[in-house]
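Written out below as structure tokens is the structure these notes cover.
The values are calculated or read from the model by the stated rules, or taken from the named source; none is laboratory data. Here the structure is a predicted model, which is why all the values come from computation and not from measurement. Here the Cβ is made from the backbone with ideal geometry for all residues, glycine too, and neighbour counts use every protein chain on show. Protein only, heavy atoms only, side chains kept; ligands, DNA and RNA dropped before computing areas. Shrake-Rupley method; radii C 1.70, N 1.55, O 1.52, S 1.80 Å.
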Amino acid sequence: QVQLVEFGGGLVLPGGSLRLSCAASGSISSNDIMGWYRQAPGKSRELVATSGSWRSTNYAESVKARSTISRDYANNTVVLQMNNLKADDTAVYYCYVYSGGRAYWGQGTQVTVSS
């Protein structure tokens, strides 16, 4: 079993920055995927960024130019840094792990971009 605990989120001004972190406990290997998804009101959950083996990364086009995902493979943590936030970034952000053939999700953390 994998358990995820998320940190960060809250109210951010347009143009501001965001740092979300997630700590995973349980059996996770360096080949597993860790990352972040988000779900805005009335929309489906969508990929934000993920980190896989050999420090491979994958980003949504909408955030790619202004986001960085970093992962500590030894401690099973993943951090998402997003800059120049926009109103469209308002959503619940979920930490995500894919391990042992199944997906695990954090409880979600609200990010609101508003002045």
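For segment 37-77, which whole percent of the accessible surface, found with a 1.4 angstrom probe, sits on carbon and sulfur atoms? Accessible surface attributable to carbon and sulfur in segment 37-77 totals 47 percent.
Mean separation of Cα pairs under 8 Å and 6 or more residues apart, divided by the residue count, gives segment 1-111 a relative contact order of 35 percent.
For segment 1-59, the alpha carbon positions stretch 36, 24, 21 Å along the principal axes, listed from largest to smallest. The ellipsoid that matches the Cα gyration tensor of segment 50-115 has semi-axes, each √(5λ) in whole angstrom, of 23, 15, 10, with the longest given first. Using Cβ point charges alone (K and R +1, D and E -1), the dipole size of segment 40-86 about the Cα centre works out to roughly 120 debye. The mean accessible area for residues of segment 64-115, using a 1.4 Å probe and ignoring ligands and nucleic acids, is 48 Å² per residue. Here the contact order of segment 53-94, divided by its residue count and restricted to Cα pairs under 8 Å and six or more residues apart, works out to 29 percent.
When the chain is treated as a GNM with alpha-carbon contacts under 10 Å, the residue of Ser70, Ser25, Ser51 showing the greatest mean-square fluctuation is Ser25.
Distance between the 7 Å Cα→Cβ label points at Arg45 and Asn75: 2.6 nm. GNM remark for the chain: springs join alpha carbons under 10 Å apart, and the peak mean-square fluctuation among Lys43, Lys64, Lys86 falls on Lys43.
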